[in-house]
1. Working carefully through the options Ser118, Ser133, Ser63, Ser71, find the one that is outside any helix (DSSP H, G or I), loosely packed, with under 12 Cβ neighbours inside 10 Å and under 16 Å from the mean Cα position of the chain (by Cα).
2. Sort out which residues of region 62-72 are modelled with pLDDT under 95 and either small (Gly, Ala, Ser) or touching a strand residue (DSSP E or B) at 6+ places or on another chain (Cβ under 8 Å) (or both), and write them in order of number.
3. If Glu93 satisfies every condition in (1) at pLDDT 95 or above; (2) on the phi > 0 side of the Ramachandran plot but one, which is the exception?
4. Anything in region 137-179 that is within 24 Å of Ser42 (Cα to Cα), touching a residue at least 40 places away in the same chain (Cβ under 8 Å) and more than 16 Å from the chain's Cα centre (by Cα)? List them, or say none.
5. Looking at (1) modelled with pLDDT under 95; (2) not in a strand (DSSP E or B), find the lone condition where Asn51 falls short.
6. Looking at (1) part of a loop (DSSP other than H, G, I, E, B); (2) under 17 Å from Met38 (Cβ atoms), can you tell me which one Val178 breaks?
7. Of the residues Asp64, Asp79, Asp72, Asp57, only one is in contact with a helix residue (DSSP H, G or I) (Cβ under 9 Å, 6 or more places away or on another chain) and farther than 17 Å from Ala15 by Cα; which?
8. How many residues are under 18 Å from Val143 (Cβ atoms) and part of a loop (DSSP other than H, G, I, E, B) when one looks only at region 74-97?
Amino acid sequence: MTAQAAPAEITYSVAEYLRTEARTGEKHEFYNGKLKRMAGGSIPHNRIVRNILTELDGFLRQSDQFEVFGSDQKIYLPDYHYYLYPDAVVVSEAPVIAEEMAQAIINPLLIVEVLSPSSEAYDRGLKFAEYRSLPSFKEYVLVRQDAPHVISFFREAPDLWREAEVRGLDAAADLKSVGLQLALQSIYRKVEF
């Protein structure tokens, strides 16, 4: 019996990546030529994302200073040549599009990720480090879906991030970048633990 070589990993151009998404109707994150298919979210995950978007949009629509986007909005990280899909994004003023064809923005102010067992380590670690490569990025909010618990990071200086953590349905997360106290009771509306 002879051993067979493992198939070579395929590398995609940005154009091939975008065609793949258009052809399949599936979302993929793009990591410098490598594709990672996005898994569908659970019902609690989707409820939390919906609740956060509703609260952000309701608060921020009073001002033309901010715009809120959901999980279909790509973020482009030029330093890494990555395209990522966060759960929620807020930009200040108007989105800056990196590439018209990709419709990916490069100026997020606030990024929210709802943690899942498969992505938690990456969201807390390397992904946060990668997002920090964007000069406009000021606040990162991580939301657990298995308990009322929110961890936020706010950029106080170019290389200084302040961490805050709140727990319990009676608490509120202070989103400093947009001036919003976001009640955990609102984030977790209709979510059972």
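The values are calculated or read from the model by the stated rules, or taken from the named source; none is laboratory data. These numbers come from a predicted model, not from an experiment. Neighbour counts are summed over all protein chains in view; Cβ atoms, including those assigned to glycine, are modelled from backbone coordinates with ideal geometry.
1. Exactly one residue qualifies, and that residue is Ser118.
2. Listed by number, the residues that qualify are Ser63, Gln65, Ser71.
3. (1)
4. Residues satisfying the conditions are Asp146, Ala147, Pro148.
5. (1)
6. Every listed condition holds for Val178 apart from (2).
7. Asp79
8. Within region 74-97, the subset under 18 Å from Val143 (Cβ atoms) is 75, 84-90.
Narrowing further to those that are part of a loop (DSSP other than H, G, I, E, B): 85-87.
Selection size over region 74-97: 3.
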